[in-house]
Amino acid sequence: MSRIKIFDTTLRDGEQSPGCSMNLKEKIEVARQLERLRVDVIEAGFAISSPGDFESVATIAKTVKDCTVASLARATEKDIDCAWEAVKEAADPRIHLFIATSPLHMEYKLRMTPEQVLERTAAMTAHAKKYCANIEFSAEDATRSDVDFLCRVVDLAIKNGATVINLPDTVGYTTPEEMRALIATVMGRVPDSDKVEFSVHCHNDLGMAVANSLAGVLGGARQIECTINGLGERAGNTALEEVVMAMRTRPDVFGEETTRIDTTQIARASRTVYTIIGQKAPINKPIVGRNAFLHESGIHQHGVLANKKTYEILTPEAVGIRTENLVLGKHSGRHAFATHLADLGFELTEEELNHVFAEFKALCDKKKDVSDEDIEALVTHSTTVAEEEAGGYRLDWFAVQTTNFTTATSTVSLKLGEEKFQAVSLGDGPIDAAFQAIDSIVKPVAHTFDIFRIDSTSQGKDTMGDVRIKLMAEGRTFSGHGLSTDIFEASILAYLSALNRLNAWVARQNREA
Ligand code: KIV
Ligand code: ZN
């Protein structure tokens, strides 16, 4: 079987789902990891949907070198022009235009007749082709479309310059057999199908997105559209890690070396995305869940000890999960620490390394053994701290008083440069009280909490509290991260870092106004 391209849409279909919004910095971090993972195409966003989306697509287009960068566009001139403006500086730009082809969508959503959809397909594909050689055309809701009509649409898209034809299962309705037949039928009927690539894009409403995508490949598709951790609208999209590892594990079905993915980057990609959206993998999530490679029952353990292959069809190492967790402590030197960071896949500048090493030493005074999870949390956190030191409020000290029979009180002292500010507040618990005290000092613009999540970095009661906060203000999100063996401190640090980012953005807006 020839190569299967992996088209990642975490930053578009994934990001547009509730609770998964990312800011520019986070999107760039995801794009960099997708490049390390070696996906073929990054769909960086839907450029016309907001100025923020345009900015992130354009920035990713300029940043990424080793992947095609695509922007989504409806089949209108305005959308296509905007998509092109956003991707034009990419090393390999792609415009991805779509129009719905099912009777339901044409009548009720587009309010267009089938003839109008045919005309629009031809005209807008040709319009996009004036800008860009690499054009993907998607027939939205293809799996609920009339197949004869779908073939006419696809024929016109190819005739007018589409190089990739995507047949999405937009509502997660189809079955593997149907998907395989749909791809094979359309490819069989439409002239010049062999001159373009066919693609599948499946949603997971009935839990069949991965199976449907693989069936599409068996039907002749050569591109799979998917997202890290299966993020996406409603029940999500095809999970990249699952579909890639299925093909890698079954060369007898899909052939050798089907994708160019560096599978050892999968675990890191999954953690990066979960961390940004403030979630953790369900423990039994295939490939990346905590239990995915654990063998608990006696019978299984016995078999695995005799021969791993009895119950293990793929190894944790293949997806970048380290099984030997080297524990560092207060006697570990800077050199050993730096080498270990490099083994974990982190590339830090000297300055960043100094920062993380100082945090690591401080942690060693509070915690005997520092695990890989702790170190990873420190590295992610250190970039936030560096930003704060560049000018925002910093925590000086705090005190909380809480019992289960009185109202909690918190006192917070913050520093801005060399100036100090103190405030005291009551609240529904010590964290609420501390946040109210902070608000009375910082006086931020109105915002809501999109995410407030307290986790632990590792197992054991001396673990660190790992707090993620995402504030929503003026249609944007501002994230903050706090890390400490004290969860009150971690929460205060996370809130402060989100507020500092919000303040910095408001100040920029005011300067530009
Ligand atoms: O699900 C879908 O149909 C889509 C298209 C826009 C490709 O996301
Ligand atoms: Zn979709």
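What follows draws every value from the coordinates through simple rules; no lab data is involved. All values derive from a computational prediction rather than experimental measurement. We place every Cβ from the backbone using ideal geometry, glycine too, and count neighbours over all the protein chains shown.
Okay, here's what the table says:
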{"item": "Tilt relative to the chain, helix 334-343 - C-alpha long axis, 0 to 90 degrees, to 10", "result": "20"}
{"item": "Rounded to the nearest 20 debye, dipole of the chain from Cβ charges on Lys, Arg, Asp, Glu", "result": "120"}
{"item": "Simple Cβ-charge dipole of segment 1-156, Lys/Arg +1 and Asp/Glu -1, about Cα centre, in debye nearest 20", "result": "340"}
{"item": "Listed residue pairs exceeding 23 Å between alpha carbons, taken from K109/K129; K5/K88; K368/K420; K280/K415; K280/K361", "result": "K109/K129; K368/K420; K280/K415; K280/K361"}
{"item": "Spin-label zone in segment 278-322 - amide nitrogen under 12 Å from a point set 7 Å from the Cα of Q459 along the C-beta vector", "result": "290-291, 294-296"}
{"item": "Considering only the chain, percent of DSSP beta bridges that pair antiparallel, nearest 5", "result": "50"}
{"item": "Reachable aspartates and glutamates from K309, criterion Cα separation under 20 angstrom, eight or more residues apart if same chain", "result": "E242, D252, E256, E296, E317, E324"}
{"item": "Efficiency of FRET from Cβ geometry, M472 and L416, R₀ 25 Å, rounded to 0.05", "result": "0.55"}
{"item": "Calculated FRET efficiency for the pair A362/A338, C-beta based, R₀ 22 Å, to 0.05", "result": "0.80"}
{"item": "Label-point separation in nm, T448 to T249, each point 7 Å along Cα→Cβ", "result": "4.0"}
{"item": "Segment E177-Q116, length gained on full extension (0.36 nm per residue, minus Cα span)", "result": "18.9 nm"}
{"item": "Folded to 0 to 90 degrees: helix 147-159 orientation relative to the chain principal axis, Cα", "result": "80"}
{"item": "Protection proxy ranking, peptides 167-174, 109-116, average beta carbon neighbours within 10 Å, highest first", "result": "167-174, 109-116"}
{"item": "Dipole of the chain, positive end: most advanced residue of C364, T485, A215 [Cβ charges, Cα centre]", "result": "A215"}
{"item": "Separation between Cα centres of segment 269-316 and segment 1-41, rounded to whole Å", "result": "23"}
{"item": "In segment 1-70, the trypsin sites (Lys or Arg not before Pro) that fall in loop regions by DSSP, at most 14 other Cβ within 10 Å", "result": "R3, K65"}
{"item": "Between helix 77-87 and the chain: long-axis angle, C-alpha atoms, 0 to 90°, nearest 10", "result": "50"}
{"item": "Lys, Arg +1 and Asp, Glu -1 on Cβ, resulting dipole of segment 334-384 about Cα centre, debye, nearest 20", "result": "280"}
{"item": "Cα-projected label distance for D262 with R3, points at 7 Å along beta-carbon direction, nm", "result": "1.6"}
